[in-house]
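Notes follow the structure.
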Amino acid sequence: MDPYAALVQLITHSDSVTWNRFYNFLVANSVLVLAWTAIFATNSSPAMSSMVLITISIFGLLTSPFWAILGWRGKKFQNAFEALAEKVENDAKLWPKQSVKYKPLTESQNIRKSLGWGLGGTFYFLTFFPLAFGIIYIVLLIASLSRLCNGA
């Protein structure tokens, strides 16, 4: 079994899973925010609609950290697999001598490190974006509670 090929598959798979989870996060939160907006715009019973609005807000707020953890976890797995692949590329026993100048994953890591994106990298994007939605849900919760208290 070729450990390098297995690592490439693990890297590809972990990246796909991480981004698919993020897409699911975006779809789920879009549905929640649109549902909240649609209910808020109706002239139905203030007490009943406010309770639904509060429920949606709390659900979104409680799930946001879990989405952030999934993004963090996915990128950690990918980074670990990439580090292992870099070790394989640097080990003369595992990496063929005729291929020594071609180390695609090591080169990819070097490019990523040289960009200097800092907080703009995908690791932080996948982690902090769901937490930003948590802040949106706090605002929605305040608006929901305000509607319930004002009875409008």
In whole angstrom, the spacing between the Cα centers of region 123-140 and region 1-42 equals 14 Å
Of the DSSP H helices in the chain, the ones reaching 30 Å or more along their long axis in Cα terms and averaging at least -0.5 in Kyte-Doolittle hydropathy are 3-41, 46-90, 122-150
Determine, from the Cβ-Cβ distance of Val52 and Asn20 and an R0 of 35 Å, the FRET efficiency 1/(1 + (r/R0)^6), rounded to the nearest 0.05. 0.75
Magnitude of the Cβ-charge dipole of the chain, K/R +1 and D/E -1, about the Cα centre, nearest 20 debye? 180 debye
With springs only between Cα atoms under 10 Å, which of Leu26, Leu115, Leu141 fluctuates most in a Gaussian network model of the chain? Leu115
Can you give me the solvent accessible area of Thr122 with a 1.4 Å probe, rounded to the nearest 10 Å²? 60 Å²
At 222 nm, what helix-only mean residue ellipticity would the chain give, in deg cm²/dmol to the nearest 500, using -39500 (n - 2.57) for each DSSP H run of four or more? -30000 deg cm²/dmol
In whole percent, what relative contact order does region 1-103 give with Cα contacts below 8 Å and a gap of six or more residues? 45 percent
Computed over the chain, Kirkwood Rh from alpha-carbon pairs, angstrom: 18.3 Å
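The values are calculated or read from the model by the stated rules, or taken from the named source; none is laboratory data. Bear in mind the structure is a predicted one, so any value in this text is a computation, not a measurement. Note that we place each Cβ from the backbone using ideal geometry, even for glycine, and neighbour counts take in every protein chain shown. The area values use the complete protein model at the heavy-atom level, side chains included, leaving out ligands, DNA and RNA. Shrake-Rupley method; radii C 1.70, N 1.55, O 1.52, S 1.80 Å.
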